[in-house]
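Participant: Got a structure here, written out as structure tokens. Questions coming.
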Amino acid sequence: MAEAAVKGTPAPAPSGAKSLVRVENVVKHFPAGLGTHVHAVDGVSFDIREGETLGLVGESGCGKSTLARLVTQLIPVTSGKVFFGDVELTKLRGEKLRQYRRQLQMIFQDPFASLDPRMTVGDIIAEPLDNFRIVRGRKRNQRVQELLKIVGLNPNFNNRYPHEFSGGQRQRIGIARALALNPKLVVCDEAISALDVSIQAQIVNLLEDLQREFRLTYLFIAHDLSVVRHISDRVMVMYLGKIVEIADSVETYSSPKHPYTKALLSAIPVPDPKVQRGRRLVELTGEIPSPINPPSGCRFHTRCPIARLPTPCAETEPPLEEKRRDHLAACHFSSDV
């Protein structure tokens, strides 16, 4: 992402903000045939505080998108609990769960696949309003035009179809749809990864402006660690279905406590060639293990540069515990990182 095109540091979450979402020991296994299961998410716990942006990073296939869908209850948990405020969403069914979904909205990764090509932009944005019977008639059209204006599009575009827009414009339409019901939490599932670099900066700036204006809370999932650093108040690192580190954004990038986090950060390119040449890249050996048969003990030990084998890394799973104030990591030897 072009740094020059990005605005200043986002306003931090309010000090002492209470948890809007709380996830407790959530597990999601998918059947894979012959009695096997994909361990997509395995015992994950964290919270999302009101008004903050919690960044979620990790390699492809680590379970980020699955976790996003568990938070919004688009798919059921295998076990564990998800709380929205004081309400346990994992206990709700039918209409009760549907009503709470008004407060939990998603911006999807692919702006081309997430918009119905047979519907006009106005109908796409108004679909949540129609489903919950919020407004009708003239007020419905006014709300659609208002949302288009909020995301930086011409209000008169409501009668056009998705194929008439660029990728960045389509993502703005997806953002407008997510805002239609005035949600409290918006999950951005790789919302900028399919866009050109210059457009990514525009979408990130838009998300920050919307957060300030509407007091939104974000779970922001991305591969680009430089984007996550810019937009997030806290960063959560995921590896093979497990959370391995959670900390303040500045703390994560300046003093990582998990070797996997350090390896991810070392891969971020620096625009200065002299600085880049002098950097030490943390190389990870081996392939990512299969989530069908994850390693015992610490799941990262098969690729970890500081692992001590056979014990304890291969035999005992490290707990996600506080290494410094508000800085959690799951590593037996975090002091060696």
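Participant: Is it the case that ARG133 is at positive phi and not hydroxyl-bearing (Ser, Thr, Tyr)? It would help to see each step written out before you state the result.
Facilitator: Values: at positive phi: yes; not hydroxyl-bearing (Ser, Thr, Tyr): yes.
Considered against the rule, which asks whether it is at positive phi and not hydroxyl-bearing (Ser, Thr, Tyr), ARG133 comes out as yes.
Participant: Here's another thing I want to ask about it. Please go through the range 142-158 and give me each residue that is open to solvent by less than 40 Å² (accessible area, probe 1.4 Å) and polar (S, T, N, Q), ordered by number.
Facilitator: Across the range 142-158, the qualifying residue is only ASN158.
Participant: Here is a follow-up. Among what's in the range 318-337 and is in a strand (DSSP E or B) and in contact (Cβ under 8 Å) with a residue 12 or more places away in the chain, pick the residue that is surrounded by the most Cβ atoms within 10 Å (Cβ to Cβ).
Facilitator: Taking the range 318-337 first, the residues in a strand (DSSP E or B) are 321-324, 327-329.
With in contact (Cβ under 8 Å) with a residue 12 or more places away in the chain added as a condition, the list becomes 323-324, 327-329.
On the way: LYS323: 19, ARG324: 13, HIS327: 18, LEU328: 20, ALA329: 26.
Selected residue: ALA329.
Participant: Still on this structure: Working only within the range 68-112, note down all residues that are in contact (Cβ under 8 Å) with a residue 40 or more places away in the chain, closer than 29 Å to SER193 by Cβ and more than 18 Å from the chain's Cα centre (by Cα).
Facilitator: Across the range 68-112, the qualifying residues are THR78, GLY80, ARG102, PHE112.
Participant: Tell me the helices (runs of 4 or more DSSP H) entirely within the range 205-317 that contain at least 1 residues that are buried (at least 16 other Cβ atoms within 10 Å of the Cβ) and at pLDDT 90 or above.
Facilitator: Values: elements: 225-231, 249-254, 259-266, 273-278.
Of the helices (runs of 4 or more DSSP H) lying wholly inside the range 205-317, those with at least 1 residues that are buried (at least 16 other Cβ atoms within 10 Å of the Cβ) and at pLDDT 90 or above span 225-231, 249-254, 259-266.
Participant: Can you name the residue in the range 166-201 that is polar (S, T, N, Q) and closer than 15 Å to PRO111 by Cα and, of all such residues, is surrounded by the most Cβ atoms within 10 Å (Cβ to Cβ)?
Facilitator: Of everything passing the filter in the range 166-201, GLN171 is surrounded by the most Cβ atoms within 10 Å (Cβ to Cβ).
The values are calculated or read from the model by the stated rules, or taken from the named source; none is laboratory data. Since the model is a prediction, treat every value here as computed from it, not as a measurement. Ideal geometry is used to build each Cβ from the backbone, glycine not excepted, and the neighbour counts take in all protein chains shown. Surface areas here come from the heavy atoms of the whole protein model, side chains and all, with no ligands, DNA or RNA. Shrake-Rupley method; radii C 1.70, N 1.55, O 1.52, S 1.80 Å.
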